[in-house]
Amino acid sequence: FEAGCLFGVGFVSWLQYQSLYVIGSLCLWCCLAWVATIFMFWYVTLNNIRHGFIPLPAGLRRGLLEFHWVVPVLWVGVIGMLILTRWWSFWTGGSA
């Protein structure tokens with residue numbers, strides 16, 4: 001299941017690039033699919049870490065399991081910032 005999620009998150013990242021910098025348009029449903037895929041990938045990965053399928057040092061493992069929300073929130077936040085900077089002039093009424 002991890003390989004499918006890895007492919008999915010890679011494909012979604014490519015679609016994000018295409019949407020932001022090639023097509024120049026956003027689709028609400030596409031953005032929702034990006035977020036859902038990122039969260040699915042992260043929590044499948046976290047489950048594999050929890051059960052020892054992905055070996056990590058004990059401290060890193062405990063940190064990731066305790067602060068499981070940090071990685072997807074930062075990831076989605078970076079995408080939000082990319083969207084914001086890409087269409088900054090649109091939202092501010094400026095010309096850039």
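Just so you know, all these numbers are worked out from the coordinates, no wet-lab data involved. Quick caveat: nothing in here was measured; it's all calculated off a predicted structure.
Converting phi to 3J(HN,Hα) with the Karplus coefficients 6.51, -1.76 and 1.60 and the offset θ = phi - 60°, segment 60-72 yields 5, 4, 4, x, 5, 6, 6, 10, 4, 7, 5, 4, x Hz in sequence order, with x at every glycine or proline.
Only helices enter the 222 nm calculation for the chain: every DSSP H run of n ≥ 4 contributes -39,500 (n - 2.57), and dividing by all residues gives -23500 deg cm²/dmol, rounded to 500. For volume of the Cα convex hull per residue in Å³, computed directly from the structure shown, the correct entry in [x] 95; [y] 187; [z] 108 is [z].
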